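Note sheet for the following structure.
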Ligand SMILES: Cc1ncc(COP(=O)(O)O)c(C=O)c1O
C-alpha cells in the first residue's frame, strides 16, 4: 500500500514511541494480566499481590454461591444470548432480574443493558435530543460524555460538584427548553459523593430532569447499598447502575418511572442493536444482589476496611483528597512520581490504579486505591507498610490544610 492516505484517527495524545519506551523500562501500567482468582490477593507478574485497584467492592466474584448461580444458569440456558433483547435475546431471567432490581431500588420499573457503558449511551441518547440541553459534571464518567455526544443535545459542563457553577449553567438555559442534569453519584477517581441535595433543589426548582450514574454507589452507600439517592433520602428521575462493580458481573441497568423506562426501552440504540447479556452474567448479578440484601456484613466490612486504609494513609501523611467512600485516592501531583509510586508499590506486591492526565487535572495525578469487603487487616497493613517504604524513597509535600 502507498502512504498517501494516512488516517490521523483519534489516537492518544502521546506517541507510540513514548509508550514503547515506558514498556522498555517497565513503567507501562496497563494490560497487566491477573493469572487466576480475582480476589483481595491476586497473582500478577508471578507474584502474590494485594489488589487495591479493582471495583469488586464486596469481593463477591469469589463467593461460592455466586459462582454456583453462574454455573447453574449456564446449565439451564446455555452460554450466550446470540441476539438483541428486542428479538430472541430476552430470557425469563432478564425479566426476573429487572423486577428484582426495581424492587431493590424502590422504583416502578427497571431496564437492563449488556454493559454499564451501553446503559449510559442508550439512556442519555433516548432522553435528550438535538433541541435539548444536557448539564454534566466536569468529572462525569466517559460513558456519560459519549452518550451526551451521541444524543446531539447541547452539552454544558459545570465545575466538579460546584453548586455555584451549576446555578450559573442553569441560568444560561432558556426556560422553555428541556434539560437533563447528569451526574455520577460517587465519583470514580476521587471517591467523593455528589452534592445531591443541592442538585435536587436546583433542578426541581427549574423543572430539570435528574439522572444519577450510581456505578460506584450501588452496593456501597445508602440503605442495603441501594445507592446515592437513597443515601440522601431523595428521589431522582433515573438512576443508572452497573453489574460490573459490587455485583461482580457485567451488565448495566436503569430504574425510574414506568412510562420513562418504556420510552427508553423503545429508543435506546445500544439496547436495540447489541446482544443481550448472557444468562450467567445475569445470574451472577442476581445472586450478588440477593446477598447484598440479605447479608449486610459485606457492606459493613467494606466500610470498616475503607476507614482503616484511609486512617492509615492519613497517619503516614498522604493526601486522600475529598474521598467519602471505599475509593481512596492518594494524590501525588505530577505524573512522573505518580508512575514511579505505582511501579514501586507493584514491585513490592501492591496493585493500585495510576490515574494520570487527562483523566485528572495536570497537577492532581493520583493513585486510586479501592478497598474490598474481603481485604484482611494483614492485606491492608501490608499495603500501608509498602506505602511507607515508597514514601521514604520518594518523599511528597505535606498535604495542605
Ligand atoms: C461511573 C461509571 N459509569 C459507568 C461505567 C461503565 O460501566 P461498565 O464497566 O459496567 O460498562 C463505569 C465503569 O468504569 C463507571 O465508573
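Computed values, structure above
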{"read-out": "Of residues in segment 232-277 being within 16 Å of the ligand (Cβ to nearest atom) and closer than 20 Å to residue 199 by Cα, the one farthest from the chain's Cα centre (by Cα)", "value": "236"}
{"read-out": "Unique residue being within 16 Å of the ligand (Cβ to nearest atom), closer than 30 Å to residue 354 by Cβ and either assigned by TED's automatic domain parsing to the domain that holds residue 329 or crowded, with 24+ Cβ neighbours inside 10 Å (or both) when the list is 115, 119", "value": "119"}
{"read-out": "Residue list for segment 122-146, filter: out of contact with any strand residue (DSSP E or B) (no Cβ under 8 Å at 6 or more places or on another chain) and within 14 Å of residue 183 (Cα to Cα)", "value": "142, 146"}
{"read-out": "Matching option when the condition is buried (at least 20 other Cβ atoms within 10 Å of the Cβ) and in contact (Cβ under 8 Å) with a residue 40 or more places away in the chain, among 199, 177, 173, 134", "value": "134"}
{"read-out": "Scan of segment 152-170 for residues that are within 16 Å of the ligand (Cβ to nearest atom) and either in contact (Cβ under 8 Å) with a residue 24 or more places away in the chain or not assigned by TED's automatic domain parsing to the domain that holds residue 134 (or both), ordered by number", "value": "160, 161"}
{"read-out": "In segment 137-149, the residues that are touching a residue at least 24 places away in the same chain (Cβ under 8 Å) and assigned to a loop (DSSP other than H, G, I, E, B)", "value": "139, 140, 141"}
{"read-out": "Tally, over segment 354-377, of residues that are out of contact with any strand residue (DSSP E or B) (no Cβ under 7 Å at 6 or more places or on another chain) and surrounded by fewer than 23 Cβ atoms within 10 Å (Cβ to Cβ)", "value": "7"}
{"read-out": "Residue in segment 361-371 that is modelled with pLDDT of 95 or more, in contact with a helix residue (DSSP H, G or I) (Cβ under 8 Å, 6 or more places away or on another chain) and part of a helix (DSSP H, G or I) present", "value": "no"}
{"read-out": "Qualifying residue in segment 71-78 (condition: part of a loop (DSSP other than H, G, I, E, B) and buried (at least 20 other Cβ atoms within 10 Å of the Cβ))", "value": "no"}
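The values are calculated or read from the model by the stated rules, or taken from the named source; none is laboratory data. All figures in this text were calculated on a predicted structure; none of them were measured in a lab. Note that each Cβ is placed from the backbone with ideal geometry, even for glycine, and that neighbours are counted across all protein chains shown.
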